[in-house]
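Report on one structure; see the data block that follows.
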Amino acid sequence: MLRRRSRSAKAEPKPTGKADREPKRKKRRVSRLFSLVILGAAATLAASESARSKVLDALFGSEEEFKYTPPSGTDGNGAGA
């Protein structure tokens, strides 16, 4: 009885309808769209300095601005001590 079931299962053809092919096509579309978005973002960053600056500021924070004040112990000619 077990042999009959295994033989009949092997003999039945697998369904090859349109529903079986649909997920492959959908997956391919998503991967193409993702690669197109990545390529577009890379081209934008390469071409635009302001876009590159915004991305770096978002990732690492904006640059700190330092104001340099010379030490007050100098006599004005650059030779201290």
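Starting from segment 50-79, take each residue that is charged (D, E, K, R) and list its partners that are surrounded by 10 or more Cβ atoms within 10 Å (Cβ to Cβ) and modelled with pLDDT of 85 or more, counting only C-beta distances under 7 angstrom and pairs at least six apart or across chains.
Once the first residue is charged (D, E, K, R) and sits in segment 50-79, its partners that are surrounded by 10 or more Cβ atoms within 10 Å (Cβ to Cβ) and modelled with pLDDT of 85 or more give 52/45.
Can you give me the number of residues within segment 55-75 that are modelled with pLDDT of 85 or more and acidic (Asp, Glu)?
1
Given 19, 11, 51, which one is at pLDDT 90 or above and aliphatic (A, V, I, L, M)?
When all the criteria are applied, what remains is 51.
The values are calculated or read from the model by the stated rules, or taken from the named source; none is laboratory data. Bear in mind the structure is a predicted one, so any value in this text is a computation, not a measurement. Counting neighbours? That spans all protein chains shown, and the Cβs are built from the backbone with ideal geometry, glycine included.
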